[in-house]
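Below: one structure, written as structure tokens.
The values are calculated or read from the model by the stated rules, or taken from the named source; none is laboratory data. Just so you know, these numbers come straight off a predicted model, no measurement behind them. Methodologically, a virtual Cβ is constructed for each residue, glycine included, from the backbone with ideal geometry; neighbour enumeration extends over all protein chains shown. Surface accessibility is based on the protein's heavy atoms, side chains included, excluding ligands, DNA and RNA. Shrake-Rupley method; radii C 1.70, N 1.55, O 1.52, S 1.80 Å.
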Amino acid sequence: AFIGGSDDHSGRPGWSWATLAHHGTRGGLTAILADELTRDGLWEALRARRCYGTSGPRIILDVTVNGHLMGSEPVLVDQPVLTASVQGTAPLDSIEIRRGTETVHTSRLLPEPAADEPWRVRIAWRGARNRGRSRPLDWTGAAKLWGGRVTGVEQYAIDNARDGVTGWDEHRVAWRSHTCGDWDGVLIDIDGNDSTRLDIWTPTMSLQCALGDLRSGDVREAGALLEQQMVIQHISRNPGPADTTISWTDDEPMPGWNPYWIWVTQSDGELAWSTPVYVHWQE
């Protein structure tokens with residue numbers, strides 16, 4: 001089962017904030033799908049694994065496979081059909097459907113940029129050094145623009161008051177950032193064309209691309225550490241939906257156990273993870 005929590009020892013469930021010296025991310029939350037709001041009702045739901053975790057916001061998930069709730073262990077002979085309803089606290093970015101540790105389907109909910117829309121690029125990074133207390137990754141760095149002009153900059157998903165954009169001009173954006181598995185990043189508005197180039201440097205990872213490269217998809221690179229990656233995306237200024245329902249059929253389930261669950265990412269970088277439905281599929 002997936003749950004969320006904090007480790008700041010302040011006794012403030014749902015109100016835990018990042019302090020880089022000890023805790024680099026906001027505290028998470030656990031949602032419990034209980035029949036009644038009583039001690040016995042909550043305990044019964046937790047024992048049945050009808051629960052899920054978020055990175056802090058009160059995102060609402062309803063995930064079933066062939067009508068079976070998260071945490072259940074149905075035996076199926078029909079093809080598994082996962083249905084997920086998500087009510088976000090911000091516009092939704094993507095919903096990944098996972099079977100165990102494998103991503104088997106991704107619904108990208110960001111609108112596609114219009115052909116005549118000015119360039120907006122999101123540079124985002126995440127990861128952690130390890131699972132212990134000394135886990136922050138240092139992403140303090142800069143992006144250099146060649147053959148174009150920076151017209152605006154916003155922070156993306158930075159939740160520590162000591163991190164963020166430290167300065168920018170028409171050709172360069174600089175920031176301070178540390179992640180412990182969460183997303184950080186910047187949104188850059190650009191007056192440029194397909195040949196305009198971005199050079200991004202941090203002590204953790206560096207990446208380069210031309211804006212034209214982004215027309216065929218995201219530019220990304222993964223590192224060797226925990227969930228370490230950097231992604232450059234061409235995004236629209238228009239937000240995606242905050243609420244949605246998706247359905248996906250697994251045409252090739254594995255004989256035996258298939259744990260189906262979803263990983264939700266919002267456009268503000270916040271996350272939610274459903275507890276799997278543990279399907280035992282029989283041919």
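Here are the numbers:
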| quantity | calculated |
| --- | --- |
| Candidate set: the stretch 59-73, residues that are over 18 Å from S247 (Cα atoms) and over 15 Å from the mean Cα position of the chain (by Cα); chosen: the one least open to solvent (accessible area, probe 1.4 Å) | G71 |
| N238 being part of a loop (DSSP other than H, G, I, E, B) and more than 13 Å from the chain's Cα centre (by Cα) | yes |
| Members of the stretch 87-97 found to be more than 30 Å from G212 (Cβ to Cβ) and either open to solvent by less than 40 Å² (accessible area, probe 1.4 Å) or part of a loop (DSSP other than H, G, I, E, B) (or both), listed by number | G88, T89, I97 |
| Residue match in the stretch 114-125 (condition: at positive phi and small (G, A, S)) | no |
| Failed item, numbered, when C180 is tested on (1) modelled with pLDDT under 90; (2) closer than 20 Å to G217 by Cα; (3) among the hydrophobic types (A, V, I, L, M, F, W, C) | (2) |
| Residue within the stretch 235-251 that is open to solvent by 10 Å² or more (accessible area, probe 1.4 Å), of a type in the set (S, T, Y), out of contact with any helix residue (DSSP H, G or I) (no Cβ under 9 Å at 6 or more places or on another chain) and free of Cβ contacts under 8 Å to residues at least 24 places away in the same chain present | no |
| Members of the stretch 165-224 found to be surrounded by 15 or more Cβ atoms within 10 Å (Cβ to Cβ) and of a type in the set (S, T, Y), listed by number | S177, T179, T196, T202, T204 |
| Residue check for S107: exposed (fewer than 14 other Cβ atoms within 10 Å of the Cβ) and of a type in the set (S, T, N, Q) | no |
| Residues located in the stretch 214-251, provided they are of a type in the set (D, E, K, R), out of contact with any Lys or Arg (no Cβ under 8 Å at 6 or more places or on another chain) and over 21 Å from R98 (Cα atoms) | R215 |
| Any hit, the stretch 37-45, residues being under 23 Å from the mean Cα position of the chain (by Cα) and either among the small types (G, A, S) or open to solvent by 80 Å² or more (accessible area, probe 1.4 Å) (or both) | no |
| Neighbours by Cβ (under 7 Å, 6+ apart or cross-chain): first from the stretch 257-279, at pLDDT below 95 and among the hydroxyl-bearing types (S, T, Y); second open to solvent by 10 Å² or more (accessible area, probe 1.4 Å) and outside any strand (DSSP E or B) | S267/A90; S267/P91; S267/P239; S267/G240 |
| Check on G147, modelled with pLDDT of 95 or more and surrounded by fewer than 18 Cβ atoms within 10 Å (Cβ to Cβ) | yes |
| Only listed residue being in contact with a helix residue (DSSP H, G or I) (Cβ under 9 Å, 6 or more places away or on another chain) and acidic (D, E), chosen from D189, D182, D169, D194 | D194 |
| Residues within the stretch 73-97 that are within 20 Å of W183 (Cβ to Cβ) and of a type outside the set (S, T, N, Q), tallied | 9 |
| Unmet requirement for A84, which otherwise passes all of (1) assigned to a loop (DSSP other than H, G, I, E, B); (2) modelled with pLDDT of 95 or more | (1) |
| Within the stretch 27-68, tally of residues that are of a type in the set (S, T, Y), assigned to a loop (DSSP other than H, G, I, E, B) and modelled with pLDDT under 95 | 1 |
| In the stretch 195-226, residue farthest from the chain's Cα centre (by Cα) [restricted to those that are within 23 Å of A115 (Cα to Cα) and of a type in the set (V, I, T)] | T196 |
